[in-house]
């Protein structure tokens, strides 16, 4: 049975590493930090992902692909903080939540429109919209939350 | 779950699902939807056990407040 304190600790370490480096750690890296054997860390990672099902491992691997609001696997939603672009958001919706990972900082979201390829820009700080360009930027859910099961998650 | 330059661009998108006409959400609504109290604690040491479980109720409250109460937004059951 999963130890909730250990699950919390691993979750926290993954999220912190993503914020600090822009990529998710491998379970073998988490093992040393958390005082686990490598295989204990691998199994613990599965517990974390079960408890946080809005993220996912790359299929048939133990690589963390998505850990929202950020993504270790690059997406079109590029996140920059203090002029440094090293993060990606899981999707356009989660991109608006990345602001909460960088308190007191301006978070810049840049992405190409999937229709025309032209860039959109949204800047936020502490949950407030600072810049929206063009002003007509809109969110869209293509399949509905329930019906999106089994559909590519980025749709 | 994407951002587009405008609704017109969504409808022109090659992968646009015609059944998703109710899938639009304004940016301010999206910021509210993804800016609930639990989101502000994602860096807390106990986020997963203490905050994440509250997320579903928060999301439901926001969706109700902004009038998105159809199964499309609230979640339709998985096919049998």
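Quick one: which of A:69, A:134 is in contact with a helix residue (DSSP H, G or I) (Cβ under 8 Å, 6 or more places away or on another chain), at pLDDT 95 or above and facing another protein chain (nearest Cβ under 8 Å)?
Details: A:134 fails: in contact with a helix residue (DSSP H, G or I) (Cβ under 8 Å, 6 or more places away or on another chain).
Just a single option satisfies the conditions, and that option is A:69.
Looking at residue B:43 and the list (1) over 12 Å from the mean Cα position of the chain (by Cα); (2) surrounded by fewer than 16 Cβ atoms within 10 Å (Cβ to Cβ); (3) facing chain A (nearest Cβ under 7 Å); (4) farther than 30 Å from residue A:2 by Cα, which single condition is not satisfied?
It is condition (4) that residue B:43 fails.
Only one of A:32, A:82, A:43, A:16 is more than 10 Å from the chain's Cα centre (by Cα) and within 13 Å of chain B (Cβ to nearest Cβ). Can you tell me which?
Selected residue: A:16, the only one of A:32, A:82, A:43, A:16 that is more than 10 Å from the chain's Cα centre (by Cα) and within 13 Å of chain B (Cβ to nearest Cβ).
A quick yes/no check of all residues on (1) surrounded by 14 or more Cβ atoms within 10 Å (Cβ to Cβ); (2) modelled with pLDDT of 95 or more:
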position	(1), (2)
A:5	no, no
A:34	yes, yes
A:48	yes, yes
A:61	no, yes
A:78	yes, yes
A:81	yes, yes
A:84	no, yes
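Output the residues belonging to the range A:116-144 that are surrounded by 17 or more Cβ atoms within 10 Å (Cβ to Cβ) and assigned to a loop (DSSP other than H, G, I, E, B).
Scanning the range A:116-144 gives A:127, A:137, A:141, A:142, A:143, A:144.
Against the condition surrounded by 21 or more Cβ atoms within 10 Å (Cβ to Cβ) and part of a strand (DSSP E or B), how does residue A:88 come out, does it pass? Outline the logic, then answer.
Numbers: surrounded by 21 or more Cβ atoms within 10 Å (Cβ to Cβ): yes; part of a strand (DSSP E or B): yes.
Yes.
Output the residues belonging to the range B:1-22 that are facing another protein chain (nearest Cβ under 7 Å), modelled with pLDDT of 95 or more and part of a helix (DSSP H, G or I).
B:7, B:9, B:10, B:12
Within the group A:64, A:54, which residue is closer than 18 Å to residue B:36 by Cβ and more than 8 Å from chain B (Cβ to nearest Cβ)? Working first, answer last.
Numbers: A:64 fails: closer than 18 Å to residue B:36 by Cβ.
The conditions single out A:54.
Just to be sure I understand, how many residues within the range B:23-40 are at the interface with chain A (Cβ under 7 Å from one of its Cβ atoms) and not in a helix (DSSP H, G or I)?
Of the residues in the range B:23-40, 5 are at the interface with chain A (Cβ under 7 Å from one of its Cβ atoms) and not in a helix (DSSP H, G or I).
Would the range B:61-77 turn up any residue that is surrounded by fewer than 19 Cβ atoms within 10 Å (Cβ to Cβ), more than 7 Å from chain A (Cβ to nearest Cβ) and within 28 Å of residue A:12 (Cα to Cα)?
Yes, there is a match, as at least one residue in the range B:61-77 is surrounded by fewer than 19 Cβ atoms within 10 Å (Cβ to Cβ), more than 7 Å from chain A (Cβ to nearest Cβ) and within 28 Å of residue A:12 (Cα to Cα).
How many residues are surrounded by 13 or more Cβ atoms within 10 Å (Cβ to Cβ) and in a helix (DSSP H, G or I) when one looks only at the range A:11-27?
Looking only at the range A:11-27, we keep the residues that are surrounded by 13 or more Cβ atoms within 10 Å (Cβ to Cβ), and these are A:11-19, A:22-27.
Restricting the remaining residues to those that are in a helix (DSSP H, G or I) gives A:11-19, A:27.
Qualifying residue count for the region: 10.
Name, by its number, the condition in (1) touching a strand residue (DSSP E or B) at 6+ places or on another chain (Cβ under 7 Å); (2) at pLDDT below 95 that does not hold for residue A:151.
(1)
The values are calculated or read from the model by the stated rules, or taken from the named source; none is laboratory data. Computed from a predicted model, the values in this text were never measured in an experiment. Note that we place each Cβ from the backbone using ideal geometry, even for glycine, and neighbour counts take in every protein chain shown.
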